[in-house]
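The values are calculated or read from the model by the stated rules, or taken from the named source; none is laboratory data. Model, not experiment: these values are computed from the prediction. Here the Cβ positions follow ideal geometry from the backbone for every residue, glycine too, while neighbour counts run over all protein chains shown. The accessibility values were calculated without ligands, DNA or RNA, using every heavy atom of the protein model including side chains. Shrake-Rupley method; radii C 1.70, N 1.55, O 1.52, S 1.80 Å.
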Amino acid sequence: MEFPSLVLSIVSIVNMVVLGILIFIFGKMYTQTNAQLPLGMIVVASMLFLHNIIGALAYFSMDEFFSNAIFPYMLGVGIAELAGLLIFLKITLE
């Protein structure tokens with residue numbers, strides 16, 4: 001595996017860890033309150049989790065198809081998603 005694919009895969013895996021924590025927290029909220037908002041957040045976080053699974057698998061299995069020229073853009077998107085998820089996690093925990 002080449003370095004760019006490894007970095008992109010690591011960012012996707014970190015995103016999945018944060019999303020897993022969010023899904024757990026929202027699941028706990030939903031069982032305690034039966035409110036619809038946490039249920040909706042579980043669906044959204046699950047779809048983002050699925051997106052990151054597909055992305056990480058693509059980076060692992062199709063690294064020869066990725067151009068080094070597109071690496072900075074894809075890394076920027078992954079890091080921006082991670083930053084947004086970390087902010088979302090911080091807000092959720094408050």
Hey, any idea what % of the stretch 2-49's accessible area is carbon plus sulfur with a 1.4 Å probe? 79
Any idea what angle helix 71-93 forms with the longest principal axis of the chain, computed on alpha-carbon atoms, 0 to 90 degrees, nearest 10? 20
Modelled FRET efficiency - R0 41 Å, Ile79 with Leu39, Cβ distances, 0.05 increments: 0.90
When a/c is below 1.5 the answer is rounded, else prolate if a/b is larger than b/c, else oblate, so apply that to the chain with a ≥ b ≥ c taken from the square roots of the Cα gyration tensor eigenvalues. prolate
With the 1.4 Å probe rolled over protein heavy atoms, the chain has an accessible area per residue in Å² of 63
Between helix 3-33 and the chain: long-axis angle, C-alpha atoms, 0 to 90°, nearest 10: 10
On a 1.4 Å probe surface of the protein chains, which of Met41, Met62 comes out largest in accessible area, and what is the full order? Met62, Met41
Quick check: pseudo-label points 7 Å beyond the Cα along Cα→Cβ at Val7 and Ala58, how many nm apart are they? 1.9
To the nearest 0.05, what FRET efficiency results for Phe66 and Leu86 with a Förster distance of 25 Å applied to their C-beta separation? 0.50
Per the helix-only model, the chain has a calculated mean residue ellipticity at 222 nm (DSSP H runs of ≥4, -39500 (n - 2.57) each, divided over all residues, rounded to the nearest 500) of -30500 deg cm²/dmol
